[in-house]
Structure formats: structure tokens, C-alpha cells
Amino acid sequence: MLVFDADKCVNCHYCEKVCSCRWVGQIKPAVSAIQIDRLERFGPISARVCDLCTGRAAQECIVACPTGALKLQDVVRFDKDLCTQCLACVGACPRHAVAFDEAQERIVVCDLCDGQPLCAAWCPENVVSMEGVPA
């Protein structure tokens, strides 16, 4: 799971940019698996990223998927061949951490880049880290 230190974030959005490049091959932060939010110009910063519904028995996106296109295998995995683009998973995620890219016809949800999260590697302020690994 990713850890986000909002106190160190400078709102550069590098994490979103590199994540969207990995998933959809272009800088398209709206379909990044990590979303940085700042509601006011100088207001607090927060991140939306899949936390595997920590502390709850059900992973809402997986439960909502009628075809089994999303599966839990240490992280949430997406099978494009099973997806009908019903977007039930997008609506079900309580953290709003599941995105859909229409051009690629795919769900975007954090899979920790197979253990080497690019958002953490590219963050110039070391704001993002893997849980248990110091930033």
C-alpha cells in the first residue's frame, strides 16, 4: 500500500503524470491511479489512491464488478478481456481511486507498478512511499 505525506507535498502532480504515462501512454492525470486533491488555492492537499479498503472485509470495486474483471492478488488486478465497461467499480470505490480511460477502454487502479511504484520513484519531495519503507 502507498503512504502519502501531505505535509511534504508541493502539488507538482509528477506522481499523476508518471502514473498516467504508465497506464495509458500519455500524460493524462485524470486517469492516473493516484489523484492529488487540493480544494482551495492554499488549502490542504490529499491523495486518492487504492488502499485495498483497509479495515473492511469487502473490496467494493471487486464486489461490484459483475464479470470478475477485477481480482485481488495482493493488489487489485484488472483483466481487460472480462470488462464490459459497466463502470460499477468506478462508482463503488469509496476512495474514488478507480478511474476509467475511454480511449484505452480500460480501468485504471493502482497495482503498485509490480512492487516498484513509479509515483514514489519520481516524486521530487519523497511524498509517496510504500508502507513500511521510509520515504
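Taken together, the values in this text are just the output of simple stated rules run on the coordinates, not laboratory data. Source: prediction; values computed, not measured. Don't worry about glycine lacking a Cβ; one is built from the backbone with ideal geometry, like all the others, and counts go over all protein chains shown.
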**Report entry** Of all residues in region 1-33 being assigned to a helix (DSSP H, G or I) and not hydrophobic (A, V, I, L, M, F, W, C), the one that is farthest from Cys119 (Cα to Cα)
**Finding:** Pro29
Report summary line: region 81-135: strands (runs of 3 or more DSSP E) wholly inside it with 3 or more residues that are of a type outside the set (Lys, Arg) and within 17 Å of Cys21 (Cα to Cα) are 99-101
Query raised in the report: Considering region 30-56 alone, what residues qualify as being under 11 Å from the mean Cα position of the chain (by Cα) and more than 14 Å from Arg106 (Cα to Cα)?
Result: Ile34, Gln35, Ile36, Ala47, Arg48, Val49, Cys50, Asp51, Leu52
Query raised in the report: Can you name every residue in region 55-84 that is exposed (fewer than 12 other Cβ atoms within 10 Å of the Cβ) and either farther than 20 Å from Leu2 by Cα or touching a residue at least 40 places away in the same chain (Cβ under 8 Å) (or both)?
Result: Pro66, Gly68, Lys80, Asp81, Thr84
Report summary line: Within region 72-92, residues under 23 Å from Ala47 (Cα atoms) and touching a strand residue (DSSP E or B) at 6+ places or on another chain (Cβ under 9 Å) come out as Val76, Arg77, Phe78, Leu87, Cys89, Val90
